[in-house]
Amino acid sequence: MLVGKTGFGPSCKQEDINALMVGLAKQGKRVVRLKGGDPLIFGRAAEELDACAQAQIAVEVIPGITAAQGAAASLGLTLTGRGHARRLQYVTGHARDGHLPDDIDWKALADTATTTAIYMPTRTLADLVGKALAEGLNPATPAIAVARATRPDQQAVHAPIGDLPRKLAAAELPGPVLVMLGRTIGRPDAGAVRAARRQRG
Ligand SMILES: C[S@@+](CC[C@H](N)C(=O)[O-])C[C@H]1O[C@@H](n2cnc3c(N)ncnc32)[C@H](O)[C@@H]1O
């Protein structure tokens, strides 16, 4: 049963998904709730776990590979390059109301020794970057937007973070997009995996 959410498109309501899972499990069925990436990263899993707990349904969570890890692996990027990053953070660009969250830690985004992965960035990236630059983020910080990471049709746009919103908007990449920024994104050896892939065909 397809209950997936398509960014800003028609989606199943979370309460209906919870009710469906609980209803099927109560019929004695073994229910698999399959999600993209890791189910516990920006996946509303807590609401589903709570609904199951309330209904006294036993749950097992199988970890997955979150988009940042998948994108990093397929691009040959380390997110914690020694000497480049001592911290890695996942940030959402999308609050409950679809706007930029108003409680982002801007100083942490501007920290030069941090790698940041921004999930759901497409609508709010220009605003997010504008605020982070005002809080001290260096506009020359290397950044990349990756669409459909790990899929055969993966595409990426590289630019310093100050230019990325404009370049990403112009590229109109289809599918889910993740933005990553930080000194480690600009490491000269990044891209080795891409080159090896191209050679393999
Ligand atoms: C609701 S969050 C779910 C994240 C997911 N649970 C994970 O761990 O990757 C959806 C966002 O994840 C990111 N995302 C998920 N899959 C992606 C992919 N294959 N390529 C790029 N970004 C992806 C995008 O930022 C997308 O808007």
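Net charge dipole, the stretch 1-85: roughly 180 debye, given to the nearest 20, about the Cα centre with Cβ charges of +1 for Lys and Arg and -1 for Asp and Glu. Below 27 Å, Cα to Cα, which lysines can LYS26 reach? Residues fewer than 8 away in the same chain don't count. Cα-Cα hits under 27 Å: LYS5, LYS13, LYS35. Rounded to the nearest 20 debye, the dipole magnitude of the chain is 800 debye, with +1 charges on Lys and Arg beta carbons, -1 on Asp and Glu beta carbons, and the Cα centre as origin. Dividing the Cα convex hull volume of the chain by residue count, how many Å³ per residue is that? In the chain, the Cα hull volume divided by residue count equals 143 Å³. Just checking the listed ones, LEU24, LEU100, LEU128: in the Gaussian network model of the chain with Cα springs under 10 Å, the one fluctuating most is LEU24. How about the stretch 1-97: which GluC sites (Glu not before Pro) there are in a DSSP loop, with at most 15 other Cβ atoms within 10 Å of their Cβ? In loop regions of the stretch 1-97 (DSSP not H, G, I, E or B), the sparsely surrounded GluC sites (Glu not before Pro) are GLU60.
Accessible surface comparison of ASP38, ASP97, probe 1.4 Å, protein chains only, largest first: the order is ASP97, ASP38.
Taken per residue, the accessible surface of the stretch 49-201 reaches 55 Å², heavy atoms only and a 1.4 Å probe.
The values are calculated or read from the model by the stated rules, or taken from the named source; none is laboratory data. Please read these numbers as outputs of a predicted model, since none were measured by experiment. Reconstructed Cβ throughout: ideal geometry from the backbone, glycine too, with neighbour counts over all protein chains shown. Ligands, DNA and RNA are excluded from the accessible area calculation, which covers all protein heavy atoms including side chains. Shrake-Rupley method; radii C 1.70, N 1.55, O 1.52, S 1.80 Å.
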